[in-house]
Amino acid sequence: MAILEVKNLTKDFGGLRAVDNVTFRVEQGEIFGLIGPNGSGKTTIFNCINNYYPITSGNVIFKGKDITGWKTHKVCHLGIGRTFQVVKPLSRMTVLDNVTASAFCRFGTIREAQSEAMKVLDFCTLLDQKDKLAKSLPVGGRKRLEIARALATKPELILLDETAAGLNPSELTGAIDLIKRIRDRGITVLIVEHIMKVIMTISDRIHAINFGQTIAEGTPPEVANNPGVIKAYLGEAYAQGERY
């Protein structure tokens, strides 16, 4: 059953068409990857799904309900959480307070919100960092904090925007494990990622775009071997056997 359907999604910025008639379905319980070159429209699609940007045309369907044009906070309350490519925690607040603030999406008292935040921090292996200021965390920690803040809203679908960018090899392995554990908790994952080790390892299916248009969709091997994807995104080195 599809938890999310994006139908004929189009987004214009003045005379520039950033997303052009993109359609895909995300099935409940899967990890669905969205790939493409820089500037291809991936983050814009995320921004349209939660109405951070208003859609020019098309529809977004969540659990069978048309949520096109819904206010961003209502989309979150409905069950869609997200991270941002450029992480911006509440830098002068502690790690715990950052996640507690997000938990108020679901809980009405500070005691309840803080209790949920502690559980989420433990899940994201950040519990030992809870009293540190968010701005003091290294890149890997800030990325996990961004995920923790999204999880504290108790989403059924989470949009992850380049959560592995800037991580070292050890942190990449941890990121892959965390994303799989999120799915194992029953949360559907829609992920934008450039690092092939991550996207090809964790995705059940992948949708590839270029210049705002769909060029391929299928399993990781199907997409990785698609000539259009190789030409637009993976590069000739990949085509010649340099697999990730």
Residues in region 184-192: is at least one in a helix (DSSP H, G or I), modelled with pLDDT of 95 or more and out of contact with any Lys or Arg (no Cβ under 9 Å at 6 or more places or on another chain)? yes
Which ones in region 48-98 are farther than 17 Å from Cys124 by Cβ, among the polar types (S, T, N, Q), in contact (Cβ under 8 Å) with a residue 60 or more places away in the chain and buried (at least 16 other Cβ atoms within 10 Å of the Cβ)? Asn50
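Okay, residues lined up against (1) among the β-branched types (Val, Ile, Thr); (2) free of Cβ contacts under 8 Å to residues at least 24 places away in the same chain; (3) out of contact with any Phe, Trp or Tyr (no Cβ under 9 Å at 6 or more places or on another chain):
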| site | (1), (2), (3) |
| --- | --- |
| Pro169 | no, yes, yes |
| Asp177 | no, yes, yes |
| Ile182 | yes, no, no |
| Glu193 | no, no, yes |
| Pro220 | no, no, yes |
Going by what's in this entry, would Ala101 be described as surrounded by 15 or more Cβ atoms within 10 Å (Cβ to Cβ), in contact (Cβ under 8 Å) with a residue 60 or more places away in the chain and under 26 Å from Tyr52 (Cβ atoms)? no
Could you look through region 68-108, keep only residues that are in a loop (DSSP other than H, G, I, E, B) and within 14 Å of Leu157 (Cα to Cα), and pick out the one that is farthest from the chain's Cα centre (by Cα)? Gly79
Can you tell me how many residues in region 1-32 are of a type in the set (A, V, I, L, M), crowded, with 17+ Cβ neighbours inside 10 Å and touching a Gly at 6+ places or on another chain (Cβ under 9 Å)? 6
Per the list (1) of a type outside the set (Lys, Arg); (2) more than 25 Å from Glu193 (Cα to Cα); (3) modelled with pLDDT of 95 or more, residue check on Thr44 breaks on (2)
Return the total of residues in region 77-94 being touching a strand residue (DSSP E or B) at 6+ places or on another chain (Cβ under 8 Å) and modelled with pLDDT of 95 or more. 8
So is Thr153 modelled with pLDDT of 95 or more, among the polar types (S, T, N, Q) and part of a loop (DSSP other than H, G, I, E, B) or not? yes
Of the residues that sit in region 220-244 and are within 26 Å of Thr188 (Cβ to Cβ) and surrounded by fewer than 13 Cβ atoms within 10 Å (Cβ to Cβ), which one is modelled with the highest pLDDT? Pro221
Going residue by residue through region 120-133, is there one that turns out to be touching a Gly at 6+ places or on another chain (Cβ under 9 Å), crowded, with 16+ Cβ neighbours inside 10 Å and assigned to a helix (DSSP H, G or I)? yes
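The values are calculated or read from the model by the stated rules, or taken from the named source; none is laboratory data. Bear in mind that the values here come from a model prediction, so they are computed numbers and not experimental data. Glycine gets a Cβ as well: all are built from the backbone with ideal geometry, and neighbour counts include every protein chain shown.
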